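Q: The following block contains the structure, expressed as C-alpha cells.
Nothing in this text is a laboratory measurement; each read-out follows from the coordinates by a stated rule. Since the model is a prediction, treat every value here as computed from it, not as a measurement.
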C-alpha cells in the first residue's frame, strides 16, 4: 500500500517547560502528514473539496515511546493501513534518525457535503486503486532547519 514520509524540525513552541515535545504536537504532525500523504497521490483535500468530498478525522490514537526535544529533526512515515467501505485508516510512525519515538493512526471518513449536511459515502474504486498502489513518496521539510 501507498506510503509517504515528511520531515519536521521540532520548534521551541512544540516543547513544554521541561523542554520535551508537548504531546498534542504528535496529533498536529499526524494531521499534516496525512494532508501531505493525500497530496502525494493527487487526492489533496482542496482538490477533493471541489468534488464536495471532505476527509474528517473520526478516530485517532498515539503511543509515545521516547521523548523528543527542541531542534530534533523528525520523520513522520505514513502508510495506508485499511481501506473500508467509507473510511481510510492511516498509520503514522515518528522517527528521530533510526529511533522510533511514537506511533499511531488516524481514521478518516470519506464524506460528501450535501445541501442537507454531510454524509459518509462509499470510497470510489479509482481512489481505492490509488491508495492500494505500492508507491513510496517523500515530502520536503516544511520548516527551515537553520535561519541563514
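Q: What is the gain in length, in nm to one decimal, between residue 58 and residue 115 on full extension, counting 0.36 nm per residue of separation less the C-alpha to C-alpha distance?
A: 18.4 nm
Q: Multiplying the sequence separation of residue 138 and residue 9 by 0.36 nm and subtracting their Cα-Cα distance, what value in nm do you get?
A: Answer, rounded to one decimal: 44.9 nm.
Q: For the chain, what does -39500 (n - 2.57) per DSSP helix run (n ≥ 4), summed and divided by total residues, give at 222 nm, in deg cm²/dmol to the nearest 500?
A: That comes out to -6000 deg cm²/dmol.
Q: For the chain, what does the relative contact order come out to in percent, with C-alpha contacts under 8 Å and a separation of six or more?
A: 34 percent
Q: Let me ask another. Among [x] 25, 16, 15; [y] 29, 16, 14; [z] 31, 15, 14, which one is semi-axes √(5λ) of the Cα gyration tensor in Å computed from these coordinates?
A: Among [x] 25, 16, 15; [y] 29, 16, 14; [z] 31, 15, 14, the one derived from this structure is [y].
Q: Same structure, new question: Report, to the nearest 10°, how far helix 24-40 tilts away from the longest principal axis of the Cα atoms in the chain, using its own Cα long axis and a range of 0 to 90°.
A: Around 50 degrees separate the two axes.
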